[in-house]
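*Asks:* Before we start, here is the structure in question, set down as structure tokens.
The values are calculated or read from the model by the stated rules, or taken from the named source; none is laboratory data. Given the structure is predicted, the values throughout are model-derived calculations rather than measurements. Counting neighbours? That spans all protein chains shown, and the Cβs are built from the backbone with ideal geometry, glycine included.
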There are 2 protein chains.
Amino acid sequence: MSPKITTELLKQLRQVMKNPKYVQEPVQAYIVPSGDAHQSEYIAPCDCRRAFISGFDGSAGTAIVTEQQAAMWTDGRYFLQAAHQMDSNWTLMKMGLKDTPTQEDWLVSVLPEGSKVGVDPFIIPADQWKRMSKVLRSAGHDLVPVKENLINTIWTDCPQRPCKPLITLDLSYTGVSWRDKIVALRSKMAERKVMWFVVTALDEVAWLFNLRGSDVEYNPVFFAYAVIGMNTIRLFIDGDRMMDPAVREHLQLNSTLEPEFKIQVMPYGSILSELQAVGAGLSPKEKVWLSDKASYALTEAIPKAYRYLTPYTPICIAKAVKNAAETEGMRRAHIKDAVALCELFNWLEKEVPKGTVTEIIAADKAEEFRSQQKDFVELSFATISSTGPNGAIIHYKPVPETNRTLSVNEIYLLDSGAQYKDGTTDVTRTMHFGTPSAYEKECFTYVLKGHIAVSAAIFPNGTKGHLLDSFARSALWDCGLDYLHGTGHGVGSFLNVHEGPCGISYKTFADEPLEAGMIVSDEPGYYEDGSFGIRIENVVLVIPAETKYNFKNRGSLTFEPLTLVPIQTKMIDVNLLTEKECNWVNEYHQKCREVVGAELERQGRHEALRWLLRETEPLSRVQ
Amino acid sequence: MSPKITTELLKQLRQVMKNPKYVQEPVQAYIVPSGDAHQSEYIAPCDCRRAFISGFDGSAGTAIVTEQQAAMWTDGRYFLQAAHQMDSNWTLMKMGLKDTPTQEDWLVSVLPEGSKVGVDPFIIPADQWKRMSKVLRSAGHDLVPVKENLINTIWTDCPQRPCKPLITLDLSYTGVSWRDKIVALRSKMAERKVMWFVVTALDEVAWLFNLRGSDVEYNPVFFAYAVIGMNTIRLFIDGDRMMDPAVREHLQLNSTLEPEFKIQVMPYGSILSELQAVGAGLSPKEKVWLSDKASYALTEAIPKAYRYLTPYTPICIAKAVKNAAETEGMRRAHIKDAVALCELFNWLEKEVPKGTVTEIIAADKAEEFRSQQKDFVELSFATISSTGPNGAIIHYKPVPETNRTLSVNEIYLLDSGAQYKDGTTDVTRTMHFGTPSAYEKECFTYVLKGHIAVSAAIFPNGTKGHLLDSFARSALWDCGLDYLHGTGHGVGSFLNVHEGPCGISYKTFADEPLEAGMIVSDEPGYYEDGSFGIRIENVVLVIPAETKYNFKNRGSLTFEPLTLVPIQTKMIDVNLLTEKECNWVNEYHQKCREVVGAELERQGRHEALRWLLRETEPLSRVQ
């Protein structure tokens, strides 16, 4: 990788920072955050403004350019990559290190008195604006919204905002019609005495209208906003995709509906003015509900006294609890995904010893097998295909410079998943195609014990996921080991592979309680820098648990694995498992055999079936 | 219990609420919180103002009196008691129930427009003032500080503020001299660039100066404040106790010390004016460090720009990590405490079958045995001596109206502890003096499994205690059971039995990480309303753990039980224990035998020794 030369670009940016065409008054600093106007985790090429100005294209980072300096804040995952991709115009600010200043403190230390700091008000979330603005103001500076994005003014070959065709999902996939979702949303609004709800997150718009898109890689979403009133529905979306007869039929745009279900389609770019009109027309006590992570621009459109902000929206919470149709879809998707992985691992087992399979080839092969499955749409995230030391890089993605050949002497870690029309998958398996060392098996077994401890946990209704995080670590802790990431995240139903409001992490204290129907990942790991990485990840469904007693009539919950891919028994040190854990593995493998075996049979994939049967032979403990 | 008649008192209070002698303008509501000026958990009789005005004397509750109404907010523990103790002038506000308004919301709903709400600024913590004031202001009212406490103006027979003699602790108890503590504190102040530190919590003053008192029952503290500058030490304390030659010697009041260690003794009541003088004399960038729970009065004495507020003070954090002398003292105290309890349980075993032992008699007997031990000072909290259904009342304290007789048919739960000059104890044992049912044993064994899971846990340095809470519940959760309290709290060294900043609870996300030398309780339980209560509590010391590996060189921690009292094996269903758990019990009992056995022998308590030996016979699992 050679760094991007940014001297000329920075010069241009500094010019527009003073250009009255774009700024009322010159700004002495300009902030370029990572995100898009919807605070998406994955963004479209046209929104990669920070990568454009700096060259650094990791998933997290904020650039700030002043008249003299240019600085980039990013976290430990990206220190090396950012240093490689940026030229000497840039100073790397290593977040998490003791001596690294916050963006606000750095600004205060470098800016001349009474400076203006500009930012695109559509890109910065309202909560972040508030924090930053407060610090700057107390130091005599001003954070100011710059209406026109200054990067866009100098990005001459900026790609177009994607505007791809939509997919309509019928009841067999969604279980609930968009009309019924609107009814349920309005009832939540009535409960909170709120008159309007503004849908800003892309997956929330997609979920609400039972539509999917492909504007953003890996996430089946499309650029849109919605504003739901008690009697009106406004959908802000561009392009001729609303001309598609299937979409018009789905949204009943041509029908004579009751007025409160009539969808008004408006241009994507008109959201701000429409919302300002809503804001201007509010009577006292008429509140407008927004996520506290919505953009500053949209939040400001509603006068402060009328705002009702929550960390999780009612759609986010409803979307997390999957109904029967969604759960069945997720089950089907995971069976197909398991078929693809059985094929892949059977293939790898034969090919790896030849020394011809690289990480990239393996990742491509995984995609090939998945794409053979019914209703396959795309991958759900960039495949982490990593062998040996690359496995210890938690967010690794193979590129030609790092691409390593799989061998019978190294551990191989594959974290991959797909979008199917009936569900989203995300699975990690760690395999050895030769003979693992006793130490590798020992570490693998601790990770497996943690995985089982979460998967088999029984806990009361109302329990938040973060209370389960330590279960995943206990076996590792006992031996002085640990892993430096959370244990699980919510998973969408043919939607984003990472979604709120639930998860399993020592960090997420703002998570909502787990409920039957929620779907999360269970993915403890262990990573040894320079040597290997181990992770065992299933997607699991929260289900009611039968218990002997029922304290305060609260009821209990547990997990059912949706992922049904064998866990390599060759990597397990059986003597480190308890009887209960051993039974868990055997029962899990029995289910893989029955469910995935039947599908392999049905699809006529006999070689992969034989592989599955061999890999799911019951373990037995030496007593 | 008959309710207190408060008609006349409320009339008087409403008069002084309008009396220009006490209020600049009439207040339409007056708030009477539970606490004292130091935000203490336990308070002196002169500070029981809320109990005086209402009759309700539970440990938590806030009274608000308006011109027309009188309302009392308290939590589920006290609904019954408050209802019994208050007359019909009062409305009980049941906190935690869905329809109960907050104090602020209630005030807004009942007050006439533009009202003033008064409160004693010394009693209300600054963070609470801020929250309440904001809500009231946004509704057009004002929260105003009323300098003279209005309850005191009508409480004619209010007891005197206690002013009891002080105890000086030498190095053999404290390990560190007060001079060295001041040096360490000033170095923390220098790190944070702070010029002054205000000590407001009573246990922090006591710890800093290596002094103890008896102004408050159960807590060996005395009424005082301190203000530490980089070159000055001011101690605000009343009474002739500073004339005591031992105290003068201890504080070196008569010596010619370096000026920065010279203690200026000032009247307790002069803290506000002295602090205002400090506040008025600050140069730019001179900050004053206060707890964010300090009173509104003292916080306001420092102009906002000069305040440095933290949830935990440097003293709170330093105090939590016990040094070698304190740890040894705690060990000694726990051995003596175990001797007393062996005597007690041996005595109960003989006496209970006669039907003559009540909960109060048992509690008194426990105190009697403790008081025979060296350096005994007082109890560390009100003994919870509860049998049968009373055991299910988590914060039970036997009184004549509820006093139940112990029998061979009911479970007995004793949660008790003492202050010794060398340490503080807090231990719960649950015993059966007849034959427990299979169900009682089953529940007891789940609680025991939880107790062991925490006590034997190994976890990395830097782990916060709340991450261990689920370990204590896992065995109960598996069977659909749980308990509705936290698992552990910090314990002082001859100081408060409850102290911050660490603990083990699903609720305490603001806790500081556990460190070697910290001391906490480990006390899971199970409570069946109307039937029985089970709790097994040890005080445990955080110690470094030896582990097979050492990830990122972080090091690991575990716990060592300081409490050494047998856990009744009769109550254990051995077949529910794993081998590891069974070994833990046997090793624990072996240690009780060796350590406490030797002390019983030394004290010539042969009958109690025989009881100990019998109660610590090893368990064996049926394979």
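*Asks:* Taking region A:281-301, which residues are aliphatic (A, V, I, L, M) and modelled with pLDDT of 95 or more?
*Replies:* A:V288, A:L290, A:A294, A:A297, A:L298, A:A301
*Asks:* Mind checking which residues of region B:49-59 are closer than 23 Å to B:H395 by Cα and buried (at least 18 other Cβ atoms within 10 Å of the Cβ)?
*Replies:* Of everything in region B:49-59, those that are closer than 23 Å to B:H395 by Cα and buried (at least 18 other Cβ atoms within 10 Å of the Cβ) turn out to be B:R49, B:R50, B:A51, B:F52, B:S54, B:G55, B:F56, B:G58.
*Asks:* Here is a further query. What residue, among those in region B:464-479 that are facing another protein chain (nearest Cβ under 7 Å) and hydrophobic (A, V, I, L, M, F, W, C), is nearest to B:Y439 (Cα to Cα)?
*Replies:* The qualifying residue nearest to B:Y439 (Cα to Cα) is B:C479.
*Asks:* How many residues does region A:505-529 hold that are within 27 Å of A:T445 (Cα to Cα) and modelled with pLDDT under 95?
*Replies:* Here the count works out to 5.
*Asks:* Here's a follow-up. When you scan region A:386-395, do you find a residue that is in contact (Cβ under 8 Å) with a residue 24 or more places away in the chain and within 15 Å of A:V497 (Cβ to Cβ), even just one?
*Replies:* Yes, some residue in region A:386-395 is in contact (Cβ under 8 Å) with a residue 24 or more places away in the chain and within 15 Å of A:V497 (Cβ to Cβ).
*Asks:* Of the residues A:S437, A:S493, which single one is of a type in the set (S, T, Y), within 21 Å of the chain's Cα centre (by Cα), more than 25 Å from A:R77 (Cβ to Cβ) and away from every other protein chain (no Cβ under 11 Å)?
*Replies:* A:S493
*Asks:* Sticking with this one: May I ask you to list pairs of residues, at least six apart or on different chains, whose Cβ atoms are under 9 Å apart, with the first in region A:570-598 being buried (at least 19 other Cβ atoms within 10 Å of the Cβ) and the second being at pLDDT 95 or above and aromatic (F, W, Y)?
*Replies:* A:M571/A:F444; A:I572/A:F444; A:L577/A:W584
*Asks:* Taking the condition of being within 22 Å of A:E528 (Cβ to Cβ) and either at pLDDT below 95 or in contact with a strand residue (DSSP E or B) (Cβ under 6 Å, 6 or more places away or on another chain) (or both), how many residues in region A:455-476 meet it?
*Replies:* 1
*Asks:* Return yes or no: is A:R605 of a type in the set (K, R), in contact (Cβ under 8 Å) with a residue 12 or more places away in the chain and in contact with a Pro (Cβ under 8 Å, 6 or more places away or on another chain)?
*Replies:* Criteria not met by A:R605.
*Asks:* Which of the numbered conditions does B:Y439 fail, given that it passes all the others? Conditions: (1) part of a helix (DSSP H, G or I); (2) crowded, with 20+ Cβ neighbours inside 10 Å; (3) out of contact with any Gly (no Cβ under 8 Å at 6 or more places or on another chain).
*Replies:* Condition (2) is where B:Y439 drops out.
*Asks:* Assess whether B:I536 counts as being closer than 19 Å to B:I504 by Cβ, away from chain A (no Cβ under 14 Å) and surrounded by 15 or more Cβ atoms within 10 Å (Cβ to Cβ).
*Replies:* yes
*Asks:* Scan region B:582-623 for residues that are within 33 Å of the chain's Cα centre (by Cα), assigned to a loop (DSSP other than H, G, I, E, B) and under 22 Å from B:H451 (Cβ atoms) and jot them down.
*Replies:* The one that is within 33 Å of the chain's Cα centre (by Cα), assigned to a loop (DSSP other than H, G, I, E, B) and under 22 Å from B:H451 (Cβ atoms): B:T616.
*Asks:* Here is a further query. Can you spot a residue in region A:585-595 that is at pLDDT below 95, away from chain B (no Cβ under 14 Å) and farther than 30 Å from A:C502 by Cα?
*Replies:* No, every residue in region A:585-595 fails to be at pLDDT below 95, away from chain B (no Cβ under 14 Å) and farther than 30 Å from A:C502 by Cα.
*Asks:* How about region B:554-567: which of its residues are surrounded by fewer than 20 Cβ atoms within 10 Å (Cβ to Cβ) and either within 14 Å of chain A (Cβ to nearest Cβ) or more than 22 Å from the chain's Cα centre (by Cα) (or both)?
*Replies:* Passing the criteria: B:R554, B:G555.
*Asks:* Okay, moving on. Based on this model, can you work out whether A:K397 counts as in a loop (DSSP other than H, G, I, E, B) and not aliphatic (A, V, I, L, M)?
*Replies:* yes
*Asks:* Moving to a separate point now. Please indicate, with yes or no, whether at least one residue in region A:448-457 is within 14 Å of chain B (Cβ to nearest Cβ) and over 25 Å from the mean Cα position of the chain (by Cα).
*Replies:* yes
*Asks:* Can you spot a residue in region B:144-163 that is assigned by the TED database to the domain that holds B:F122, touching a Pro at 6+ places or on another chain (Cβ under 6 Å) and outside any loop (DSSP other than H, G, I, E, B)?
*Replies:* For region B:144-163, residues assigned by the TED database to the domain that holds B:F122, touching a Pro at 6+ places or on another chain (Cβ under 6 Å) and outside any loop (DSSP other than H, G, I, E, B): present.
*Asks:* Can you tell me how many residues within region A:188-227 are among the aromatic types (F, W, Y), surrounded by fewer than 24 Cβ atoms within 10 Å (Cβ to Cβ) and in a loop (DSSP other than H, G, I, E, B)?
*Replies:* 1
*Asks:* List every residue pair whose Cβ atoms lie under 9 Å apart, where the two residues are 6 or more positions apart in sequence or sit on different chains, the first residue falls within region A:555-567 and is in a strand (DSSP E or B), and the second residue, located anywhere, is basic (K, R) and at pLDDT 95 or above.
*Replies:* Close Cβ pairs satisfying both conditions: A:P561/A:K591.
*Asks:* From (1) surrounded by fewer than 19 Cβ atoms within 10 Å (Cβ to Cβ); (2) within 14 Å of chain A (Cβ to nearest Cβ); (3) at pLDDT below 95, pick out the condition that doesn't hold for B:G486.
*Replies:* (1)
*Asks:* Considering each residue of region A:511-525, count those that are within 14 Å of another protein chain (Cβ to nearest Cβ) and under 26 Å from A:Y218 (Cα atoms), and give that number.
*Replies:* Of the residues in that region, 4 qualify.
*Asks:* Output yes when any residue across region A:543-553 is on the phi > 0 side of the Ramachandran plot and within 13 Å of chain B (Cβ to nearest Cβ), and no when none is.
*Replies:* Yes, because at least one residue in region A:543-553 is on the phi > 0 side of the Ramachandran plot and within 13 Å of chain B (Cβ to nearest Cβ).
*Asks:* Is it the case, given these coordinates, that A:R77 is outside the structural domain of A:K397 (by the TED database), closer than 24 Å to A:D529 by Cβ and not acidic (D, E)?
*Replies:* In short, yes.
*Asks:* Separate question: Just give me the residues in region A:225-241 being under 27 Å from the mean Cα position of the chain (by Cα) and on the phi < 0 side of the Ramachandran plot, in sequence order.
*Replies:* A:Y225, A:A226, A:V227, A:I228, A:R234, A:L235, A:F236, A:I237, A:D238, A:R241
*Asks:* So, in region B:570-581, how many residues would count as being within 14 Å of B:H451 (Cβ to Cβ), more than 14 Å from chain A (Cβ to nearest Cβ) and in a helix (DSSP H, G or I)?
*Replies:* 1
*Asks:* Are any residues in region A:385-402 closer than 21 Å to A:E440 by Cα and surrounded by 20 or more Cβ atoms within 10 Å (Cβ to Cβ), and if so, which ones?
*Replies:* A:S385, A:S386, A:T387, A:G388, A:N390, A:G391, A:A392, A:Y396
*Asks:* Could you please find all residues in region A:491-508 being touching a strand residue (DSSP E or B) at 6+ places or on another chain (Cβ under 9 Å) and either basic (K, R) or more than 25 Å from A:P544 (Cβ to Cβ) (or both)?
*Replies:* If the condition is that a residue be touching a strand residue (DSSP E or B) at 6+ places or on another chain (Cβ under 9 Å) and either basic (K, R) or more than 25 Å from A:P544 (Cβ to Cβ) (or both), then A:N496, A:V497, A:H498, A:Y506 are the ones that fit.
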